[in-house]
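Notes follow once the structure below has been shown.
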Amino acid sequence: MTSIGGAEMVDWNLAVATATRLVRPGPEVSRDEAREVVAELRRHAKASEEHVRTFTRMIPEGHEPEDTPVLVVDRAGWIKANVAGFRELLKPLLEKMRERRSATPGGAVMGAVGGKVTGVELGVLLSFLASRVLGQYETFAPATREMPAGDNGGGRLLLVAPNIVHVERELDVAPHDFRLWVALHEETHRTQFTGVPWLREHLQGEIQSFLAATDMDPMTVVERLREAAQSLVGARPEGEEDEGGRSLVELVQTPEQREILGRLTAVMSLLEGHADYVMDGVGPLVVPSVAEIREKFQQRRARGASRLDLALRKLLGLDAKLRQYRDGERFVRAVVEEVGMDGFNRVWTSPNTLPTKSEIAKPADWVARVHRKAE
């Protein structure tokens, strides 16, 4: 941390320690109940494989995709996994920033101090998220001693047991049904990446292009972070126009990044909407109370939480993620109704057949382009 020119831009260990210390405790469960929850989630994850593959028809019969592990974790485990993922994904950007800082007088000392500050800030954000995520397919997950991952940089599926128990109790729904419903959503993400070999590399390329276009001037970044903080508290310098409550990601980006972000938004809308469509499509066959679960879950999303919670969701861009679920699901549903599941699956042919941001809003335009329909 303190070697000349070698200071880390982010103190990752401090990020883990901070998030683990600040994260809310999970719901109270007995040791036996905890074991049963873990065992049931693993069974549901396994059962979901066949349900999702049969419904989506993304993986031809007789073809076995690359296997990726399923891990049932607590909130601290989710934090450790995501810090490892961030560290891997941001490595090229942070290395450039480290080299630039080491070339300036006092850069090593600034890097050591800044790394600790950034580690604490990242830890605070992760502690906020760690109590809210039900499950996650980690696309860019390096294998560690504690957490295995797929071969050749493949991902892993995480199911966050305490959060699933918390929400099923809050919604007062059948635990067995809710746990399977969540597993169906996350298994769809695993099927997307294991069944479409080029998808991970394409997404990684887009993210790296986004990071490479980052303005490396520290003062510019500080200024944009100041704007982000002002958007959170509703304060702006006199004479400035309202930014419309833009998220941190939107504020800290260049024009080139906005173009890349538009493509990323379209892909993420597709992936999230497809997962929602599949979990509801499979649901009636294997989840008896799927209609009740969906209705209560949608009401929970719409209600939000405290004013601070809503402000943080806006600042972190989480409200945009909720729109991705909604808009993406509408796109998938409209396309399947028009050309069937096999017709929809042309979306996975290549990066050129992915929908654009405008096509997510107008599914007929995607159908016309990809299926070459005159109308």
key: One residue from Glu40, Glu95, Glu64 being assigned to a loop (DSSP other than H, G, I, E, B) and either farther than 23 Å from Asp276 by Cβ or at pLDDT 95 or above (or both)   = Glu64
query = Among the residues of the stretch 317-324, is there at least one that is buried (at least 20 other Cβ atoms within 10 Å of the Cβ), over 20 Å from Thr188 (Cα atoms), modelled with pLDDT under 90 and within 19 Å of the chain's Cα centre (by Cα)?
reply = no
request  = Could you tell me which residue of the stretch 209-235 is farthest from Leu90 (Cα to Cα), considering only residues that are in contact with a Leu (Cβ under 8 Å, 6 or more places away or on another chain) and at pLDDT 50 or above?
outcome  = Glu227
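The values are calculated or read from the model by the stated rules, or taken from the named source; none is laboratory data. On a predicted model such as this, the values are computed, not experimentally measured, just so you know. Methodologically, a virtual Cβ is constructed for each residue, glycine included, from the backbone with ideal geometry; neighbour enumeration extends over all protein chains shown.
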